[in-house]
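**Q** Quick one: the structure is below, and I'll ask about it shortly.
The values are calculated or read from the model by the stated rules, or taken from the named source; none is laboratory data. The model shown is predicted, which means the values in this text are computed figures rather than measured ones. No Cβ is skipped: glycine too gets one built from the backbone with ideal geometry, and neighbour counts run over all protein chains shown.
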């Protein structure tokens with residue numbers, strides 16, 4: 001039987017989410033480029049400045065999750081980002097493998113961020129309560 005260790009589960013989830021959000025932020029900076037990301041946001045009717053906010057949220061929020069700093073707040077903020085990312089994918093269908101990417105993965109990310117916010121940072125978080 002596997003022992004019940006929610007503090008380790010919260011840590012594992014926190015690290016995984018942090019890596020995923022940093023990867024998405026770096027994708028926007030290094031692959032799509034910041035001007036390309038701004039242009040994409042504008043092409044779907046969103047203000048270009050929002051691209052900077054999203055990139056910063058993904059990079060800073062992902063880093064906060066990895067170190068376990070303000071874990072609940074970082075997870076809640078990233079849940080908002082993930083829920084918002086459903087908008088450009090909504091017309092593409094459910095599966096993320098659809099052309100243009102569906103909205104299953106952004107929804108999953110948003111829900112796992114909410115779970116992280118409920119669990120807290122786990123055993124090895126900087127903001128862990130003694």
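**Q** Within segment 63-76, is even one residue farther than 17 Å from residue 119 by Cα and either outside any helix (DSSP H, G or I) or modelled with pLDDT of 95 or more (or both)?
**A** yes
**Q** Another question about this same structure. Read through the list (1) in contact with a helix residue (DSSP H, G or I) (Cβ under 9 Å, 6 or more places away or on another chain); (2) within 15 Å of residue 120 (Cβ to Cβ), then give the number of the only condition that residue 36 fails.
**A** (2)
**Q** I'd like to verify a number: residues in segment 8-31 that are touching a residue at least 40 places away in the same chain (Cβ under 8 Å), surrounded by 15 or more Cβ atoms within 10 Å (Cβ to Cβ) and more than 12 Å from residue 64 (Cα to Cα), how many?
**A** Result for segment 8-31: 4.
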